[in-house]
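The values are calculated or read from the model by the stated rules, or taken from the named source; none is laboratory data. Because the structure is predicted, anything quoted here is derived from the model rather than measured. Note that we place each Cβ from the backbone using ideal geometry, even for glycine, and neighbour counts take in every protein chain shown.
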Amino acid sequence: MAYRILLLSSAANGVTQRATLALRRSGRETIIEVVADAAEMDAALARHDNIDAIICPYLVTKIPAHITRRWPTVIIHPGVVGDRGPSSLDYAITEGEKVWGATALMAVEEMDAGPVVATRNYAMPEDTKSAIYNGVGADAAIACILEAADHLEDPNFTPVPQDEHPRLLAHARTRPALRQRDRAIDWTKPAKDILPAIHAADGSPGVLTTLTGHQVYVHDAHLSGINAPNAEPGTIIGRTQHYLRIACGSGSLLIGHLRARDEQLPPVKAPATEVLARLGEPEVPDHGTDPAWSDIRYHRSGDIGTVEFFAYAGAFSVDFSLRLAAAIRTAAAADTRVLIIAGTGPAFSNGLHLGSIELAHNPDAEGWASIHAINRVCAEIANCDQVTIAAVQASAGAGGVMLALTADFVVAAERAILNPHYKTMGLTGSELHTATLPRRVGHTIAEELLTAAQPIDTGTALDIGLIDEIRPDRNFAHSVHRFARLYSEGPLYQAALYGKEERRRAIGNVEVILAQETSRMYPCFFHDAMGHREKRQSFIRKSPNTRSRSEHMPLAG
């Protein structure tokens, strides 16, 4: 009989989903339960009392002793051996650690104090907490989880007490939770010194500061290439698209997302300019392209063009979708043979920007506009005469998966997790999926994916034909470019063009398909036919009903 593992997690986040799929692929029977407190843990174990062990990939609540006494229980801590506390990765980023890690510990009475079961280290990139946690941090965590599962099945294995285990960092220690007062921004400092503090709180909890007299949490920060030496630090000196440019002691920062601390507004992260508008502030002048940062970029190398995009949390607002569609349309007019559509953030795309929709004066109308806007992206890809490749560098969900399917080829990074469904958000979906999904996987599997609403790993996606290639996480962009070169010349190029025409004939008129799909979505937005409003609000606010059963939870929009 397969070894039975129960995953207890505070959220069905990316690491939890990756852990589940990796353990199942290793042959273990694995169940997820999302829990908020000890009572929910007891209820979960009452439902699954025939398990062999418990692993907690992401748990912010202490496990009661009566549970750890009965079942071997492993906690995954996002830090190196010797590090303890709830703000582990936050400190590592703020203090500029060059190496960091993840550690599997046996659960004991004192938090993070148990003996070591497994540990993995990695070089720390200069990036946001979300990017690190869901990237190299998640890779380390999954390796620890798989090794821990092996050890749990071995009756002769003995975990090593922390004070006896070799330490990567001698200064690793117990530290308290970082509070907002610890994160406070001193705008008189250089922009490059402020950036790590914002990175360390992105995407949660953000850093509380004051802009134009309003208290807001800032997210999605990037160094700007524009300086304003005479501007008062902490003031808004312009914008680029939805990014606000904030003057610092030297240099400036671009802030892409805000969450207002205002009881009159929904507590959501949304594009910075949209939040300011809802706070009643006048529109900030757009100073055009920033020389240091752009969320959409194009470059070419010989016969290969690449449109790179960065969508914060994988969320596509109306403005972002329309700009991306325009960029693809421009790239399609170039004299290249292959066009790569490549994500560059910690998520490829999760479809509609739920925060932008919820913040709008009329969320139903904003949702309706959002689906039409992202459909423009899909139409541009589908109508492109070049051979198109979707480069899925990270996880994708809902319309983000379907957007990738509009390309001729879908190449995914090994670590990516795909959620090819809309059901959990109360939508029927669009993005040409009624044509592209069954063509790739067949009608039966397409219906199973849409109704079961389960995450799948890239191995499964490749097996069923949802994607065409899996490439290593390391140097993914370079690997995709090598793949593109294969199809940019000779017989493979001609074969790809022939395949494109075959698909176009099979799919039919793109605009007709989109019209049919959106006509089915109209009641979802304007009549709440499938409970989209409550599901959207619950997901954004992390309400209790979003924790009901992780098997039915969305990643995002």
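Side notes on the structure shown:
- Test: residue in the stretch 360-368 that is crowded, with 24+ Cβ neighbours inside 10 Å and either touching a residue at least 40 places away in the same chain (Cβ under 8 Å) or in a loop (DSSP other than H, G, I, E, B) (or both): yes
- Yes/no for V377 being in contact with a Lys or Arg (Cβ under 8 Å, 6 or more places away or on another chain), within 26 Å of D473 (Cβ to Cβ) and in contact (Cβ under 8 Å) with a residue 40 or more places away in the chain: no
- Residue list for the stretch 112-132, restricted to those being of a type outside the set (A, V, I, L, M) and surrounded by 22 or more Cβ atoms within 10 Å (Cβ to Cβ): G114, T119, T128, K129, S130
- Listed by position, the strands (runs of 3 or more DSSP E) inside the stretch 227-318 whose residues that are surrounded by 15 or more Cβ atoms within 10 Å (Cβ to Cβ) and of a type in the set (F, W, Y) number at least 1 are 243-247, 296-301, 304-309.
- Odd one out for T330 among (1) at pLDDT 95 or above; (2) surrounded by fewer than 22 Cβ atoms within 10 Å (Cβ to Cβ); (3) over 25 Å from A391 (Cα atoms): (3)
- Helices (runs of 4 or more DSSP H) wholly inside the stretch 10-79 containing at least 2 residues that are more than 26 Å from the chain's Cα centre (by Cα): 38-47, 65-70
- Residues of the stretch 475-513 that are in the same structural domain as E308 (by TED's automatic domain parsing), of a type in the set (K, R) and surrounded by 12 or more Cβ atoms within 10 Å (Cβ to Cβ): K500, R503, R504.
- Those residues of the stretch 229-251 which are under 16 Å from Y217 (Cα atoms) and more than 26 Å from the chain's Cα centre (by Cα), in sequence order: G234, T235, I236
- Residue in the stretch 337-349 that is assigned to a helix (DSSP H, G or I) and buried (at least 24 other Cβ atoms within 10 Å of the Cβ) present: no
- Of residues in the stretch 514-557 being at pLDDT 95 or above and outside any helix (DSSP H, G or I), the one surrounded by the most Cβ atoms within 10 Å (Cβ to Cβ): M530
- Flag for S88 being farther than 17 Å from P455 by Cβ, surrounded by 18 or more Cβ atoms within 10 Å (Cβ to Cβ), under 21 Å from the mean Cα position of the chain (by Cα) and not aliphatic (A, V, I, L, M): yes
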